[in-house]
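J.: Just dropping this structure here.
The values are calculated or read from the model by the stated rules, or taken from the named source; none is laboratory data. Model, not experiment: these values are computed from the prediction. Heads up, the Cβs are rebuilt from the backbone with ideal geometry, glycines too, and the neighbour counts pull from every protein chain shown. Ligands, DNA and RNA are stripped out before the accessible areas are found, and what is left, the full protein with its side chains, is counted by its heavy atoms. Shrake-Rupley method; radii C 1.70, N 1.55, O 1.52, S 1.80 Å.
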Amino acid sequence: SPPAAAVVVSGEVAAAPQVALLPSAGMGHLTPFIRLAAELALRGCGVTFITPTPLVSAAEARHVAELIASSAGIRPLEFPLLPFDSSTAASTDPFFLQFEAIRRSASLLGPILSSAAPRLSALVCDVTLISAVLPVAAAIPLPTYVLFTSSAQMLSLCVSFPQISAASLPAILKIPGLAEDLPLRSIPQPLRDPGNLFTTQFVENGKVMVHADGIVINTWEALEPATLAALNTGKVVPGLPPVVAIGPILPEHSQSNSAGGGGDDSLAWLDGQPTGSVVYVSFGSRTALSPEQTREMAGGLESSGCRFLWVVKTKKLDKEEQEEQEEQAMEELFGDGFLRRVEGRGRVVKGWVDQGAILAHPAVGGFVSHCGWNSVTEAALRGIRVLAWPQHGDQRMNAGVMEKSGLGEWPKEWSWQGEGVLVQGEEIGRRLRGLMASAAVAAAAAKVKEETVRSMIAGGSSYSGLANLIARFADSR
Ligand code: UDP
Ligand code: G50
């Protein structure tokens with residue numbers, strides 16, 4: 001059906017709100033913005049999608065292009081960035097450097113936003129950019145909402161971290177208002193270094209969250225009830241604006257997410273596998289395992305006896321991966337004869353796959369995941385049990401949320417990046433076999449799915465959350 005031309009706000013018909021969306025770098029940040037754009041357009045909002053250019057990864061460029069081509073209702077707006085010399089920055093991570101490049105270009109946004117036609121009612125800005133963008137939007141003035149692309153648990157750390165001295169972090173962190181302690185080993189690695197670029201940004205962003213008009217978050221009541229309650233009753237930080245849970249932001253309504261899949265025929269392969277039998281293995285869009293750990297992973301999948309679909313990444317950046325010699329000794333990477341021995345029950349792919357469609361396929365029953373937040377939400381939506389193996393960033397905190405929900409298991413002793421310890425293939429195989437054989441986990445995962453779907457349909461908490469948000473956008477005109 002065509003988008004409604006107007007929304008009803010407390011009995012009156014108001015003009016449709018005009019919302020500008022400003023994502024930052026990386027698929028984990030872009031994906032929820034693309035989904036939110038589609039949802040808002042579907043519910044009658046005018047949507048302007050701002051793209052800071054140039055983008056970091058090929059995947060981002062393809063997905064933005066597909067969004068613009070597919071949705072007539074969404075207006076693209078290019079935001080050309082100032083040149084940024086990253087050679088002296090206190091990080092080498094290409095995504096953190098792009099956060100910084102966008103942040104340093106924020107002043108250019110003023111004229112772009114104030115001259116937008118029709119006149120904007122609100123801006124939704126990625127959390128990684130908020131401290132740089134908020135003053136620019138306030139000067140217009142334009143009501144500004146944060147989209148928090150990770151868990152409520154992570155949001156709690158973000159808003160309370162400025163109060164914790166990064167110079168002397170205790171081994172166990174206590175976040176005000178939260179019952180559970182947070183071991184230092186679970187927070188994003190760069191935060192342990194007060195001089196790291198990510199830490200500087202994180203602290204600045206955390207400080208200004210109280211000044212935003214609202215915080216929109218891609219989680220839902222049933223998944224993180226206590227944390228959301230603590231955030232919304234001032235227990236974590238006093239004076240926080242409303243934290244509106246709208247997740248999981250529906251993948252169905254948006255584009256297929258197949259952009260530039262390069263003819264991957266994993267779905268056809270899944271068609272030939274028994275129901276619930278296949279373990280999908282992926283560490284997301286920006287995480288490569290070391291060659292040694294990749295070999296152990298291969299050993300683990302082989303010894304598990306499970307059917308599997310494994311997306312292998314050897315480089316953090318997809319552009320570098322594309323340049324890599326395709327023949328770069330897959331055999332050498334996995335160990336002699338691996339591909340031959342697992343033929344028929346295992347499939348290894350390189351490059352982009354349509355993860356949303358894979359997790360929705362009836363043949364898929366398990367997911368070895370790094371617990372990027374989008375991946376956790378997508379697994380919950382499908383009731384796919386997860387074996388968590390966080391690698392960096394917010395992933396250990398997300399894994400904790402995932403495990404608490406009952407969706408899966410997290411072997412907490414497994415190492416992550418920077419610890420320099422290999423997880424042995426046999427151990428991986430053992431944990432995976434156990435997870436796939438567990439009727440208890442299967443039942444708990446099915447329950448998570450049920451609660452997740454209920455939150456999204458009419459009358460559900462996230463459905464209402466989005467409706468309330470749109471009403472706020474309309475009010476602020
Ligand atoms: N994704 C995908 N195909 C891939 C890799 C990733 O569709 O080959 C999607 C995945 O479904 C998710 C997003 O990209 O929506 C990755 O975000 P996440 O937060 O899970 O992890 P990140 O890549 O940021 O580490
Ligand atoms: C990347 C990462 C760690 C990490 C996140 C990443 C988050 C958490 C939210 O994207 O998204 C967040 C990030 C940056 C910031 C404020 C909040 O300045 O490696 O936690």
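J.: Measure nothing but the geometry: give the 0 to 90° angle between the long axis through the Cα atoms of 373-382 and the longest principal axis through the Cα atoms of the chain, rounded to 10°.
T.: Result, in degrees: 70.
J.: Given the convex hull over the Cα atoms of segment 78-221, what projected area results after averaging over all orientations, in nm²?
T.: Its Cα hull, projected and averaged over all orientations, spans 9.8 nm².
J.: Which entries in the list 350/412; 174/447; 174/207; 207/235 go over 25 Å, if you measure between the two C-alpha atoms of each?
T.: Numbers: 350/412 28 Å; 174/447 30 Å; 174/207 18 Å; 207/235 16 Å.
Distance filter (> 25 Å) returns 350/412; 174/447.
J.: Can you give the three extents of the C-alpha atoms in segment 373-477 along their principal axes, from longest to shortest, in whole Å?
T.: 57, 34, 15
J.: Another question, then. Taking the Cα atoms of segment 68-132, report the difference between the largest and smallest coordinate on each principal axis, in whole Å and largest first.
T.: 40, 26, 21
J.: With a 1.4 Å probe and every protein chain kept in, tell me what percent of the accessible surface of the chain is carbon plus sulfur.
T.: C and S fraction of accessible area: 55 percent.
J.: Compute the accessible area per residue over the chain, keeping the other protein chains in place, probe 1.4 Å, unit Å².
T.: Computed with neighbouring chains in place, this is 39 Å² per residue.
J.: Between residue 168 and residue 467, what is the FRET efficiency for a Förster distance of 51 Å, r being their Cβ-Cβ separation, to the nearest 0.05? Present the calculation step by step, with values, prior to reporting the outcome.
T.: Numbers: r = 45 Å, r/R0 = 0.87.
For residue 168 and residue 467, the calculated efficiency is 0.70.
J.: Based on C-alpha coordinates, I'd like the Rg and Dmax of segment 96-170, in Å.
T.: Calculated on Cα positions, Rg and Dmax stand at 14.7, 50 Å.
J.: For segment 39-101, what Kirkwood radius comes out of the mean inverse Cα-Cα distance, in Å?
T.: 13.5
J.: Expressed as an acute angle from 0 to 90° and rounded to the nearest 10, what is the orientation of the C-alpha long axis of helix 27-42 relative to the principal long axis of the chain?
T.: Between the helix axis and the principal axis of the chain, the angle is about 50 degrees.
J.: Nearest 10 degrees, 0 to 90: what angle lies between the long axis of helix 58-70 and the longest principal axis of the chain (Cα atoms)?
T.: Tilt relative to the chain: about 50 degrees.
J.: To continue, here is another question. What number in nm² do you get for the chain if you take the convex hull of its Cα atoms and divide its surface by four?
T.: Directional mean of the projected Cα hull area for the chain stands at 21.7 nm².
J.: Over segment 318-426, what portion of Cα pair distances is larger than 18 Å, expressed as a whole percent?
T.: Value for segment 318-426: 61 percent of Cα pairs lie more than 18 Å apart.
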